[in-house]
Amino acid sequence: MAVIPVALGGRGYEVRVARGLLDDAASEAAPFLRKRRVPLVADAGAWAAQGDRIARSLGDAGHEIALYQVAPGEGSKSWTGLAALTDWLLAEEVERGDHVLALGGGMVGDLTGFACSILKRGCGFIQLPTTLLAQVDSSVGGKTAINTAVGKNLVGAFHQPALVLADLDALATLPARELRAGYAEVLKYGVLGDRPFFDWLAERGGEVLALDPAALEHAVATSVAAKARIVAEDERETTGARALLNLGHTFGHALEAETGFSDRLLHGEGVALGMVLAARYSARRGQFSYSEAERVAAAVAAAGLLTTLAGVGLDCDGGRLAQHMTHDKKMDAGTLPFVLLRAIGDACLARDVALADVAAFLDEELLRAA
Ligand code: GLY
């Protein structure tokens, strides 16, 4: 088992990465389960796939699960969903010292974490992420949120979990497309700050995607360790360190917006293509080599992810995509900081990017053959 501490003083916690953790959920989480009845919020799909394992573990330890199932999909991360969940937590008489279990992908983790951040001014929660994306990104670092009519994740709070149990066995039932989308975030850690990890993924990424146990544990644990380091350095994204985790997200967000945040482009797929665009744009600015940008593209392509805008099938120009970026929540006094590359493994924050230049670059990229 890999145990990765997130060093945040009194708010610090462990991320444990291993196979079979959900089968031992009761013992793993024992210090936090102080009552017989344990509130558990689950994505309905994740509960169907993993619920038996948790129920057996908690049942054997003398616990009873109070289960709240959430319909899969981003639609559940809403004001209505939040109100319903907090009302349920209140009806369950959850107290500040209690810990709510959150089982599923980023949607359930974000929604449950936010509900727990406001319930009685804050109660505890434990992340049980069941997607690759949630294991390497959203379950770690305490960003919690819901979506509103204006945009995604615009209302939320920083609220750290007390523990994260990333059970690698849960990934066995994940659809291949979701696994690939989550892999984009794994690759991101190599591209933004760890060249040896990028090189390892270029060689062994196929084994990760085939769920080879040793390769998968190495990939997840290395990703989590990278995120833990960054979160410990810049918990609230104020120094610029945590902002580097947004590599690929600004371009990706524009693509997700243009495709209506729909199944046409999953978040991780947008991040993967966004990372390629950030690499090519960095090369166009003369701060990164074109051949290295194509190495990033090759690593993305090797995972079966898109590397060209033509592959998305868009009916718009670069100006329209750049326009979507102006709604980005990272806009700061009229400018949008971009995460760009100086080298593979060396990302930086550029605050001097003109959106007109980005639009011209995207017009060129729209002409690139799929
Ligand atoms: N997903 C980016 C972050 O947690 O900061």
message: When a/c reaches 1.5 or more, the comparison of a/b and b/c decides; with that in mind, is region 4-113 rounded, prolate or oblate per its Cα gyration tensor?
response: rounded
- request: Name the lysines eligible as straight-distance cross-link partners of Lys227: C-alpha to C-alpha under 28 Å, and not fewer than 8 places from it in the same chain.
  value: Lys77, Lys143, Lys152, Lys188, Lys329, Lys330
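Below 8 Å between Cα atoms, with a sequence gap of 6+, how large is the relative contact order for region 300-370 in percent? Each step should come with its number before you reach the end.
On the way: 74 pairs, mean separation 30.5, N = 71.
Dividing the mean separation by the residue count of region 300-370 yields 43 percent.
Treating the beta-carbon of each Lys and Arg as +1 and of each Asp and Glu as -1, no other charges, what is the dipole magnitude of region 45-165 about its Cα centre, to the nearest 20 debye?
On the way: 8 positive and 11 negative charges, 71 e Å.
That gives region 45-165 a dipole magnitude of about 340 debye.
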message: Output the 0 to 90 degree angle, nearest 10, between the alpha-carbon long axis of helix 44-60 and the longest principal axis computed from the alpha carbons of the chain.
response: 40 degrees
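How much net charge surrounds Ala283 when only the other residues with a Cβ under 10 Å from the Cβ of Ala283 are counted, with Lys and Arg +1 and Asp and Glu -1?
Working: positive: Arg280, Arg284, Arg285; negative: Glu292, Glu294.
Its environment carries a net charge of +1.
Give me the dipole magnitude in Debye, nearest 20, for the chain about the Cα centre, with unit charges on the beta carbon: positive for Lys and Arg, negative for Asp and Glu. All intermediate terms of the calculation are to be shown ahead of the outcome.
Working: 35 positive and 46 negative charges, 130 e Å.
That gives the chain a dipole magnitude of about 620 debye.
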Local electrostatic count at Asp60 - Lys and Arg +1, Asp and Glu -1, tallied over other residues with Cβ under 14 Å: -2
message: I'd like the carbon and sulfur percentage of the solvent accessible area for region 247-318, probe radius 1.4 Å, heavy atoms only, ligands and nucleic acids excluded.
response: 50 percent
message: Run the numbers for Glu64 and Leu154: contour at 0.36 nm per residue of separation, minus the present Cα-Cα distance, in nm.
response: 28.9 nm
- line: Cα pairs beyond 18 Å in region 30-94, in percent, come to 43 percent
query: Just how far, in whole angstrom, is region 253-268 from region 1-35 if you go by their alpha carbon centroids?
result: 33 Å
field: Options Ala42, Tyr68, Leu89, ranked by Cα towards positive dipole end of region 33-89, top entry (Cβ charges)
entry: Leu89
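If I take all pairs of Cα atoms in region 204-245, what percentage of them are more than 14 Å from each other? If you can, show how the numbers build up before the last one.
Working: 453 of 861 pairs.
Result for the distance tail: 53 percent.
Loop only per DSSP, at most 13 neighbouring Cβ atoms within 10 Å: give me the trypsin sites (Lys or Arg not before Pro) in region 87-191, ordered by residue number. It would help to have the intermediate numbers written out before the result.
Values: sites: Arg96, Lys120, Arg121, Lys143, Lys152, Arg177, Arg180, Lys188; in loops: Arg96.
Passing both the DSSP loop test and the Cβ count: Arg96.
Suppose the chain between Leu367 and Asp87 were pulled fully straight at 0.36 nm per residue; how much longer would it get relative to their current alpha carbon spacing?
Value of the extension gain: 95.7 nm.
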- prompt: Of all the Cα-Cα pairs you can form in the chain, what percent are over 35 Å apart?
  reply: 21 percent
Restricting region 78-120 to GluC sites (Glu not before Pro) in coil, as DSSP defines it, with at most 13 other Cβ within 10 Å: Glu93, Glu95
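Mind giving me the FRET efficiency for Gln323 and Ser78? R0 is 30 Å, r the Cβ-Cβ distance, nearest 0.05 is fine.
My answer for the efficiency is 0.75.
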query: Between the helical axis of 79-91 and the dominant principal axis of the chain, each derived from Cα atoms, what acute angle in degrees is found, rounded to the nearest 10?
result: 20 degrees
field: Inter-site label distance for Ala172 and Asp263 at 7 Å from Cα along Cβ, in nm
entry: 2.6 nm
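Placing unit charges on C-beta atoms (Lys and Arg positive, Asp and Glu negative, everything else neutral), compute the dipole magnitude of region 1-101 about its Cα centre in debye, rounded to 20. All intermediate terms of the calculation are to be shown ahead of the outcome.
Details: 11 positive and 14 negative charges, 43 e Å.
Computed charge dipole of region 1-101: roughly 200 debye.
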message: What does the C-alpha gyration tensor say about the overall shape of region 284-346? Classify as rounded when a/c is under 1.5, otherwise prolate if a/b is larger than b/c, or oblate.
response: oblate
- prompt: Put +1 on the Cβ of every Lys and Arg and -1 on every Asp and Glu Cβ in region 304-370; which of Ala370, Gly319, Gly334 then has its Cα farthest towards the positive end of the dipole?
  reply: Gly334
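What is the ratio of the Cα radius of gyration of region 109-242 to 2.2 N^0.38 Å, where N is its residue count, to two decimals?
Numbers: Rg = 15.4 Å, N = 134, 2.2 N^0.38 = 14.1 Å.
Taking N as the residue count of region 109-242, the ratio is 1.09.
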- request: Starting from the Cα gyration tensor of region 266-308, take the square roots of the eigenvalues, sort them a ≥ b ≥ c, and report rounded, prolate or oblate (rounded when a/c is under 1.5, otherwise prolate if a/b is larger than b/c, else oblate).
  value: oblate
field: Between helix 213-233 and the chain: long-axis angle, C-alpha atoms, 0 to 90°, nearest 10
entry: 80 degrees
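Express the accessible area of region 295-370 per residue in Å², computed with a 1.4 Å probe while the remaining protein chains stay in the model. Spell out each step's value before the answer.
Working: 3570 Å² over 76 residues.
With the other protein chains kept in place, region 295-370 gives 47 Å² per residue.
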query: How far apart, in nm, are the 7 Å Cα→Cβ label points at Cys316 and Ala71?
result: 2.6 nm
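For region 217-258, state which trypsin sites (Lys or Arg not before Pro) are in a DSSP loop and have at most 12 other beta carbons lying within 10 Å of their beta carbon. Could you put the intermediate results ahead of the total?
On the way: sites: Lys227, Arg229, Arg236, Arg242; in loops: Arg236.
Of the trypsin sites (Lys or Arg not before Pro), the ones in loops of region 217-258 whose Cβ has at most 12 other Cβ atoms within 10 Å are Arg236.
The values are calculated or read from the model by the stated rules, or taken from the named source; none is laboratory data. As the structure is a prediction and not an experimental result, all values here were calculated from the model. Glycine also receives a Cβ, built like all others from the backbone with ideal geometry; neighbour counts cover every protein chain displayed. Heavy atoms of the whole protein, side chains included, go into the accessibility calculation; ligands, DNA and RNA do not. Shrake-Rupley method; radii C 1.70, N 1.55, O 1.52, S 1.80 Å.
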